[in-house]
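Reading through the structure tokens given below for one structure.
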Amino acid sequence: MDKNTLLQVWPIPAFDDNYIWCIHDGRSALVVDPGDATPVLTYLNDQKLTLTGILITHHHADHTGGVLNLLQNLGTHIPVYGPAGDNIPGRTIVAKQDDKIEIATPRVSLVVYEVPGHTLSHIAYFANMQANVVEPMLFCGDTLFASGCGRLFEGTPTQMTESLAKFASLPKNTLVYCTHEYTLSNIRFALAVEPNNLNLLSWAEKAQALRALNLPTLPTTIGQELQVNPFMRCDQAEVIAMAKEVSGQLNLPTPAHVLAVIRAWKDRF
Ligand code: ZN
Ligand code: FE
């Protein structure tokens with residue numbers, strides 16, 4: 001098969017609601033955040049794909065739990081990319097902000113973004129348009145979800161705000177491959193924040209239809225999230241007003257203050 005065959009990205013469902021994304025050219029494959037090896041091994045076998053690399057976004061077990069098993073089954077020569085500063089099982093290559101990862105098979109060039117918030121050393125992988133990539137792609141782990149964002153287990157609201165701002169600066173047509181199917185519950189919360197957001201209301205209908213057919217609501221896009229995701233809209237009047245009402249605070253001077261309020265609200269929603 002031609003080296004420049006268009007890349008395909010497929011979700012491998014794992015656990016209750018995780019997606020392990022598989023990037024492949026019909027022959028060679030990368031997987032992102034394999035929390036469980038079994039569904040990955042089955043998928044690779046069914047599709048006759050050779051695993052050539054593993055990309056890890058953060059240290060949580062539902063994203064890393066399958067790495068050692070994959071290496072045991074498929075070969076310890078397979079490179080494992082992951083963030084510094086945390087124990088990532090099997091990691092062979094530390095990936096830092098602005099690192100360029102050039103993978104030969106499948107042919108793809110990725111740029112690393114450091115996006116602290118959900119965890120402190122969380123990273124994301126971005127592939128801009130290239131020979132075999134028609135639309136930019138972002139693998140964002142548990143930082144950004146469709147209509148939501150990750151819980152702040154380790155980082156601060158300011159860090160999460162800055163991390164989401166990095167994503168907001170990416171091309172609007174960037175396909176966003178989030179690692180959990182949390183969309184419907186995120187939409188319920190987003191509608192509480194912005195009950196009058198028409199884009200959100202129509203997205204809610206579309207997402208419900210997809211889930212009724214048991215189809216993924218992902219990938220989303222950066223452009224879509226800027227329209228419907230309250231955590232990426234903390235500079236919008238309606239979101240600020242709702243955050244003030246919910247918190248009883250009269251002054252929320254920055255988007256990070258607004259994000260702190262709505263993130264805490266979501267945690268108990
Ligand atoms: Zn996580
Ligand atoms: Fe997770």
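Among the residues of the range 231-263, write down those that are small (Gly, Ala, Ser) and closer than 15 Å to Ala192 by Cβ.
Once the filter is applied, which keeps residues that are small (Gly, Ala, Ser) and closer than 15 Å to Ala192 by Cβ, the range 231-263 yields Ala241, Ala243, Ser247.
Please go through the range 126-157 and pick out each residue that is among the polar types (S, T, N, Q) and touching a Gly at 6+ places or on another chain (Cβ under 9 Å).
Once the filter is applied, which keeps residues that are among the polar types (S, T, N, Q) and touching a Gly at 6+ places or on another chain (Cβ under 9 Å), the range 126-157 yields Thr143, Thr156.
Just checking, which of Asp17, Asp36 is within 16 Å of ligand 1 (Cβ to nearest atom), farther than 21 Å from Val176 by Cβ and either acidic (Asp, Glu) or free of Cβ contacts under 8 Å to residues at least 24 places away in the same chain (or both)?
Asp36
May I ask you to verify whether Leu70 is in contact with a helix residue (DSSP H, G or I) (Cβ under 9 Å, 6 or more places away or on another chain) and of a type in the set (A, V, I, L, M, F, W, C)?
Judged against the criteria, Leu70 is a match.
All but one of (1) free of Cβ contacts under 8 Å to residues at least 60 places away in the same chain; (2) part of a loop (DSSP other than H, G, I, E, B); (3) more than 16 Å from ligand 2 (Cβ to nearest atom); (4) touching an Asp or Glu at 6+ places or on another chain (Cβ under 9 Å) hold for Thr105, so report the exception by its number.
The single condition Thr105 does not satisfy is (1).
On the given criteria, is Arg27 among the basic types (Lys, Arg) and either more than 25 Å from Leu144 (Cβ to Cβ) or within 14 Å of ligand 2 (Cβ to nearest atom) (or both)?
When the stated conditions are applied, Arg27 passes them.
State all residues of the range 116-128 that are assigned to a loop (DSSP other than H, G, I, E, B) and buried (at least 23 other Cβ atoms within 10 Å of the Cβ); if no residue qualifies, say none.
Gly117, His118, Thr119, His122
Within the range 77-89, which residues are under 20 Å from Ser28 (Cα atoms), touching a residue at least 12 places away in the same chain (Cβ under 8 Å) and surrounded by fewer than 20 Cβ atoms within 10 Å (Cβ to Cβ)?
The answer is Ile78, Pro79.
What tally of residues in the range 38-61 results from selecting those that are crowded, with 19+ Cβ neighbours inside 10 Å and closer than 27 Å to Glu114 by Cβ?
The qualifying residues number 11.
Within the range 30-87, take every residue that is under 20 Å from Leu110 (Cβ atoms) and acidic (Asp, Glu) and give me the one that is nearest to the chain's Cα centre (by Cα).
So the residue we want is Asp33.
Name every residue in the range 198-209 that is free of Cβ contacts under 8 Å to residues at least 24 places away in the same chain and of a type outside the set (Ser, Thr, Tyr), in order of residue number.
Across the range 198-209, the qualifying residues are Leu198, Leu201, Ala204, Glu205, Lys206, Ala209.
Looking only at the range 44-67, decide whether some residue is under 18 Å from Leu218 (Cβ atoms) and among the hydrophobic types (A, V, I, L, M, F, W, C).
Yes, the conditions are met somewhere in the range 44-67.
Bear in mind that the values in this text are calculations on the coordinates, not laboratory data. What you see is a predicted model, and the numbers here were worked out from it, not measured in a lab. Neighbour counts run over all protein chains shown; Cβ positions are idealised from the backbone, glycine included.
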